[in-house]
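Input: a single structure, listed below in structure tokens.
The values are calculated or read from the model by the stated rules, or taken from the named source; none is laboratory data. Quick caveat: nothing in here was measured; it's all calculated off a predicted structure. Positions of Cβ are generated from backbone atoms using ideal geometry, with glycine treated the same way; all protein chains shown enter the neighbour counts.
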Amino acid sequence: MNLAPRSLRNRLVLGAAAVGLAFAVLFGIVATWRVNHAEKQAVQAALQSRVELARDEVAADGSINQDAGSPKTDLVQVIGPDGTIRASSPALAAAPALIDVSAVQSSSTGVEGRRALQRPDIDLAVLAVPLTLTAEAGSPAGTGALVVAVDAEGFNAATDELLGLLIAGLSAVVLAMAALSWIFTGRALHSVTRITEDAETVRPQDLASGLPVPHRDAELARLVEALNRMLGRLHESHATELAFAADAGHRLRTPVATLRAEAELALRETDPAELTAALQRIVHDADQLTSIVDRMLARSRAHDRGPEPVLDVLTAAEGRWQRQAELSRVNLSVRTDGGITPTTRCAELVEIVEPILDNAVRHTPAGGAVDIDLQIDGRPVTSLVVCVSNTGEPIPADIAPHLFDAWVSSRDATVAGGLGLWLARETARDLGGDVTVVHDGPHTTTFRVRLPIITDN
């Protein structure tokens, strides 16, 4: 099976030619039937008129009045009841009986047929009708046959010529349809070719300008406009990623410079205690850098893993979360709704909830509480809703409008934080969900995560 792409233009032309050929065949069949039917009717009419004229020229004994001289009676034959030829026109003088008289005697309307004669060399259409005859020279009286004939070659030649013209005309129509289809599709696809050529030259910096819109072609215009909207979204995403990378590089310079300065100071220290303290600061800053890099990598790997069972990932992460809360002397509780079953699956749950939990633990005073509540919500679609609440001070007024922006943090800038909430929301939105702040009171702050789920029945 050949799966290679074929030219759309060729397929359209072949389709038009196939349609034209099918039409030509059907039309030819109908036209041929009509032509043959018309020929048959013309022959019948000619034979009937000759029968009427010949009756007037035939005597009761079967003799023919040879002085009539009508061209319509030049092919006449009278056959007696016993099958003998009683009289013939000069053109049929040497011809045998053109019809079986017994077939005529048993028919009230007559008998039609075709006969090919050698002498004379002629194809005849024959009509024989019953004729009452008297006895004559050994031939008994009774019902004989009056036979008239017409030359069928003229009718056949006219029919063949008409059918030939019909075939030639239909063939010309099919070829014309194919040629016109080739021309029109070429003109129609010229715009597609230009769009393809323009698309081949698009560079990353050209995404915002998009492709030229062919306004003369409504369908192509809609397609190109949709492509331009897609290119616009790609441009925005590309610009955002570039800005983020540039901002990240700029912001990472501070902790890297701090690390270098602390390392240089540690090299100068001679007091073991001061050297140990300097190394501890270096390790702490290195951990912060590692955290930032890990979060940036997590952002780039947002969809590497598929949906995982919610209960399984919670079981694996809850122990780590509890240890983190204990180190900060915070009480942590995790509650799951009964609607969450072992088959309920969700993607990137821990990667989204963990930065929010980390933010909640860091901003909860010692002795405070952090609650994680998971439940199923069927409005507007079935989703997993995770609420992370913590006690403590509300979000600072200057931070609240930019809470989910990258690099926004209430901590000192040298720690290089501020990626967690941004990463959580962007990852959730990539999956079709979202992260929002639903309550920010004097003593409690609640973040809500909504993620699509997959339930296997």
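Is it true that residue 341 is at pLDDT below 85 and of a type in the set (Ser, Thr, Tyr)?
When the stated conditions are applied, residue 341 does not pass them.
When you scan the stretch 228-242, how many residues do you find that are free of Cβ contacts under 8 Å to residues at least 24 places away in the same chain and either surrounded by fewer than 16 Cβ atoms within 10 Å (Cβ to Cβ) or of a type in the set (D, E, K, R) (or both)?
So the answer is 9.
Pairs please, first residue from the stretch 146-165 and within 16 Å of residue 114 (Cβ to Cβ), second anywhere and assigned to a helix (DSSP H, G or I) and among the aromatic types (Phe, Trp, Tyr), Cβ atoms under 6 Å, 6+ apart in sequence or on different chains.
Pairs found: none.
Can you tell me which residue among 139, 89, 102 is surrounded by fewer than 20 Cβ atoms within 10 Å (Cβ to Cβ), among the small types (Gly, Ala, Ser) and in the same structural domain as residue 32 (by TED's automatic domain parsing)?
102 is the lone residue from the list that is surrounded by fewer than 20 Cβ atoms within 10 Å (Cβ to Cβ), among the small types (Gly, Ala, Ser) and in the same structural domain as residue 32 (by TED's automatic domain parsing).
Taking the criterion of being modelled with pLDDT under 75, among the polar types (S, T, N, Q) and surrounded by fewer than 11 Cβ atoms within 10 Å (Cβ to Cβ), would at least one residue in the stretch 269-287 satisfy it?
No, every residue in the stretch 269-287 fails to be modelled with pLDDT under 75, among the polar types (S, T, N, Q) and surrounded by fewer than 11 Cβ atoms within 10 Å (Cβ to Cβ).
Can you give me the ranges of the strands (runs of 3 or more DSSP E) entirely in the stretch 371-457 with at least 1 residues that are under 44 Å from the mean Cα position of the chain (by Cα), at pLDDT below 75 and surrounded by 12 or more Cβ atoms within 10 Å (Cβ to Cβ)?
By residue number, no strands (runs of 3 or more DSSP E) qualify.
So residue 83 clears everything in (1) without any contact (Cβ under 8 Å) to a residue 24 or more places away in the chain; (2) on the phi < 0 side of the Ramachandran plot except one condition, right? Which one?
(2)
Take residue 186 and decide whether it is over 30 Å from residue 96 (Cα atoms), assigned by TED's automatic domain parsing to the domain that holds residue 35 and assigned to a helix (DSSP H, G or I). Show your work before the answer.
Working: over 30 Å from residue 96 (Cα atoms): yes; assigned by TED's automatic domain parsing to the domain that holds residue 35: yes; assigned to a helix (DSSP H, G or I): yes.
In short, yes.
Between a residue in the stretch 87-98 that is under 11 Å from residue 75 (Cβ atoms) and any residue that is part of a helix (DSSP H, G or I), which pairs come within a Cβ distance under 7 Å, given they are 6 or more apart or on different chains?
Matching pairs, first to second residue: 89/73.
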